[in-house]
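The values are calculated or read from the model by the stated rules, or taken from the named source; none is laboratory data. Because the structure is predicted, anything quoted here is derived from the model rather than measured. Cβ sites come from the backbone with ideal geometry, for glycine too, and all protein chains shown count toward neighbours.
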Amino acid sequence: MVPHLITALTGPINELEQRILDSMPAIERWFRLEWMEHTPPFYSSVDIRNAGFKLAPVDTNLFPGGWNNLTEQMLPLAVQAAMAAIEKICPEARNLLIVPENHSRNTFYLANVMQLQRIFNMAGLNVRIGSVSPEIKKATTITLPHGETITLEPVIRTKRRLGLKNFDPCTILLNNDLSAGAPGILEDLYEQYVLPPLHAGWSVRRKSRHFQSYEEVSKRFGKMLGIDPWLINPCSRRWKGSISTRASSSTSFRLRWTRRSPRCVASTRNTASTKSRGSWSSPTTAPTAWAS
């Protein structure tokens, strides 16, 4: 079931996109086999950059926001996906507690949380929103930009469980990226499902490790599809040196393309009279990277 997008194409489909469309059965089978060996994240979002000749993810978020940007046509698909995800984790699930970010006054973010609540309600769950923010000491109702209201309630921690007043969830869904670390109130919840797990928070993970793992996946996927993995790899490299942002610095960090090999290469150079820092240079035409 594929949604019909209303965005019109502004030009012909390029070679990479056409290769992906033509290989859709093989791609779906590849994903199906991968999910048999590896547990996929409960939910996630991916930022993708399209250079016309190259299409690659530049960020993966395991605590995705922006659910309020889904169109009405996409909502049934989201509900279907939510039902399938819950069925894999806890088929008998009845109550779901959403734990959002602590910036409780950001109404645009809360519109995203409300949409998430709506999706899981339609998937057959009782859903309430519990905040771990010290600012929320009682049930707080906030009016959103479109006139709807959302209620945040302070969480209650017992010895082994987390819940709300008169609400005992079997599953806790984090929409909080834990960038400041996992609060103690969320730890040692052995009787409830916590999704995503605490070790998926930004205080524990590193993007360099993520892109290192993704590089291996892109190689396997590229081999299956018959393309150079460079076409779907953002070419990240871990920089171990120091980078000065001072205007008087004599060292600038420069990224450049190489003609000999279609890869990203990081280099430093002494530029006492350089006017701009962090410059990007590239050949006039994109390097050819299709596998023979």
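Filtering the stretch 62-86 to residues that are farther than 20 Å from GLU148 by Cβ and of a type in the set (Phe, Trp, Tyr) leaves only PHE63.
Taking the criterion of being free of Cβ contacts under 8 Å to residues at least 40 places away in the same chain, touching a Phe, Trp or Tyr at 6+ places or on another chain (Cβ under 9 Å) and closer than 28 Å to ALA139 by Cβ, the only residue of the stretch 68-107 that qualifies is HIS103. Listed conditions (1) over 19 Å from the mean Cα position of the chain (by Cα); (2) exposed (fewer than 12 other Cβ atoms within 10 Å of the Cβ) are all met by ARG19, apart from (2).
Just one of the listed residues (ALA93, ALA81) is modelled with pLDDT of 90 or more, small (Gly, Ala, Ser) and surrounded by 11 or more Cβ atoms within 10 Å (Cβ to Cβ), and it is ALA81. Condition test on TYR43, is it part of a helix (DSSP H, G or I), at pLDDT 90 or above and under 23 Å from SER203 (Cα atoms)? Criteria not met by TYR43.
The set of residues in the stretch 189-227 being assigned to a helix (DSSP H, G or I) and either of a type in the set (Asp, Glu) or on the phi > 0 side of the Ramachandran plot (or both) consists of GLU215, GLU216. Within the stretch 24-67, restricting attention to residues that are of a type in the set (D, E, K, R) and in contact (Cβ under 8 Å) with a residue 24 or more places away in the chain, the residue that is farthest from PRO196 (Cα to Cα) is LYS54. The condition of being among the hydrophobic types (A, V, I, L, M, F, W, C), crowded, with 16+ Cβ neighbours inside 10 Å and not in a helix (DSSP H, G or I) holds for ALA56. Pairs meeting the criteria (first residue in the stretch 168-181 and modelled with pLDDT of 90 or more, second residue part of a loop (DSSP other than H, G, I, E, B) and among the polar types (S, T, N, Q), beta carbons under 7 Å, at least 6 apart or on different chains) are PRO169/GLN192; CYS170/GLN192; THR171/GLN192; ILE172/GLN192.
One line per residue, one yes/no per condition, for (1) within 30 Å of ARG237 (Cβ to Cβ); (2) in a helix (DSSP H, G or I); (3) in contact with a Ser or Thr (Cβ under 9 Å, 6 or more places away or on another chain):
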| site | (1), (2), (3) |
| --- | --- |
| TRP35 | yes, yes, no |
| ILE48 | yes, no, no |
| PRO64 | yes, no, yes |
| ALA84 | no, yes, no |
| GLU87 | no, yes, no |
| PRO91 | no, no, no |
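So, in the stretch 184-227, of the ones that are farther than 30 Å from ASP168 by Cβ and β-branched (Val, Ile, Thr), which residue ends up nearest to the chain's Cα centre (by Cα)? Checking each candidate, the answer is VAL217.
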